[in-house]
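Enquirer: I'd like to ask you about the structure that follows.
The values are calculated or read from the model by the stated rules, or taken from the named source; none is laboratory data. Worth saying up front: this structure is predicted, and the values here are computed from it rather than measured. Note: ideal-geometry Cβ built from the backbone for every residue, glycine included; neighbour counts use all protein chains shown. To get the accessible areas, we keep the full protein, side chains included, count just its heavy atoms, and leave off ligands, DNA and RNA. Shrake-Rupley method; radii C 1.70, N 1.55, O 1.52, S 1.80 Å.
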Amino acid sequence: MPDDVRKAAAHNNAQWCEVVCASHGLVGRTDADAWSVPRRSPPWYPDAVTLRPGVDPEALLARIDDGAGASVKDSFADLDLAAYGFRVLFDAQWIHRPPTEPPAGPPLTPVTTGHGLAAWASAHGGGELFRPALLADPRIRVLARYDENGTVIGGAVVSGDDPCGVSNLFSSTDDADEIWRAVVVARPGVLLVGYESAPDLPPARRAGFLPLGPLRVWLR
């Protein structure tokens, strides 16, 4: 079961990468091995995401612009791309939360307008990365936490139905625990998946997320 959930998490994350790239005019390709785009992806997003263990690295790199700046999300941490001029950008852990009872508390608020998305992106730090086309995709929900003045102080993106991916979670008040709990409240009764690097894992664990296995991001 954990292996199946890990593959589902990789597929979900690849779908989110595909949506972001499509909002920038990049058409991706998905098959049993990987999702990929032939031209450079937007900042912070990979050019390829592996979808199963044991993908052939040369075949994978042939699908992308593998020059300087290329990046690959090695979903099963089983590739060795050092021989191709890549270095490890970071290691992380896939996580999941079974569809158990959500914690108490208010959910996050959906962002539904271009103006609202701009305010959310400014608070997140993503700037022009997040485009209004994201709001038109029924698979995507951009969620925000506002203070009493209507200022965005945290948020996340949830994508897909079941499993539902959690990404781009942030808090400007240093209370990531509250945002993780609010995401679970916003999407009750479904399997939640995502990934975090080691320093950011504790708030997710306290919200009921469990580790699935490692992933690695390579950069050239």
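Enquirer: May I ask you to list the residues in the stretch 177-206 that are part of a loop (DSSP other than H, G, I, E, B) and either touching a Pro at 6+ places or on another chain (Cβ under 7 Å) or of a type in the set (D, E) (or both)? Walk me through how you get there before you give the answer.
Expert: Kept after step one, since they are part of a loop (DSSP other than H, G, I, E, B), are these residues of the stretch 177-206: 187-191, 197.
Passing the criteria: P188, G189, V190, L191.
Enquirer: Being within 30 Å of R206 (Cβ to Cβ) and among the acidic types (D, E) narrows it down to one residue among D3, D47; which is it? Reasoning before the result, please.
Expert: Working: D47 fails: within 30 Å of R206 (Cβ to Cβ).
Going through D3, D47 in turn, just one is within 30 Å of R206 (Cβ to Cβ) and among the acidic types (D, E): D3.
Enquirer: In this structure, is A123 at pLDDT 95 or above, among the hydrophobic types (A, V, I, L, M, F, W, C) and in a helix (DSSP H, G or I)?
Expert: On the way: at pLDDT 95 or above: yes; among the hydrophobic types (A, V, I, L, M, F, W, C): yes; in a helix (DSSP H, G or I): yes.
Taking the combined requirement at face value, the residue satisfies it.
Enquirer: Could you list, in sequence order, the residues of the stretch 173-203 that are in contact with a strand residue (DSSP E or B) (Cβ under 6 Å, 6 or more places away or on another chain), more than 28 Å from I64 (Cα to Cα) and surrounded by fewer than 16 Cβ atoms within 10 Å (Cβ to Cβ)?
Expert: Result: T173, single match.
Enquirer: Further, regarding this structure: Can you go through R206, R216 and tell me which one is surrounded by fewer than 16 Cβ atoms within 10 Å (Cβ to Cβ) and in contact with an Asp or Glu (Cβ under 6 Å, 6 or more places away or on another chain)?
Expert: Numbers: R216 fails: surrounded by fewer than 16 Cβ atoms within 10 Å (Cβ to Cβ).
Among R206, R216, only R206 is surrounded by fewer than 16 Cβ atoms within 10 Å (Cβ to Cβ) and in contact with an Asp or Glu (Cβ under 6 Å, 6 or more places away or on another chain).
Enquirer: With the requirement that a residue be closer than 19 Å to G213 by Cβ and free of Cβ contacts under 8 Å to residues at least 24 places away in the same chain, what does the stretch 4-25 give you?
Expert: D4
Enquirer: Could you give me the residue pairs with C-beta distances under 7 Å whose first residue belongs to the stretch 140-158 and is without any contact (Cβ under 8 Å) to a residue 40 or more places away in the chain and farther than 15 Å from R181 by Cα, whose second residue is open to solvent by less than 50 Å² (accessible area, probe 1.4 Å) and among the aromatic types (F, W, Y) wherever it lies, and which are 6+ apart or on separate chains?
Expert: Pairs that qualify, where the first residue is without any contact (Cβ under 8 Å) to a residue 40 or more places away in the chain and farther than 15 Å from R181 by Cα and the partner is open to solvent by less than 50 Å² (accessible area, probe 1.4 Å) and among the aromatic types (F, W, Y), are V142/W120; V152/W120.
Enquirer: Right, next: Quick test of your reading of the structure: N168 fulfils all but one of (1) part of a helix (DSSP H, G or I); (2) surrounded by 21 or more Cβ atoms within 10 Å (Cβ to Cβ). Name the failing condition by number.
Expert: Condition not satisfied by N168: (1).
Enquirer: Show the residue pairs meeting these rules: Cβ distance below 6 Å; 6+ apart or different chains; first residue within the stretch 98-109 and on the phi < 0 side of the Ramachandran plot; second residue part of a loop (DSSP other than H, G, I, E, B) and open to solvent by 40 Å² or more (accessible area, probe 1.4 Å).
Expert: What qualifies is P99/G189; P102/P188.
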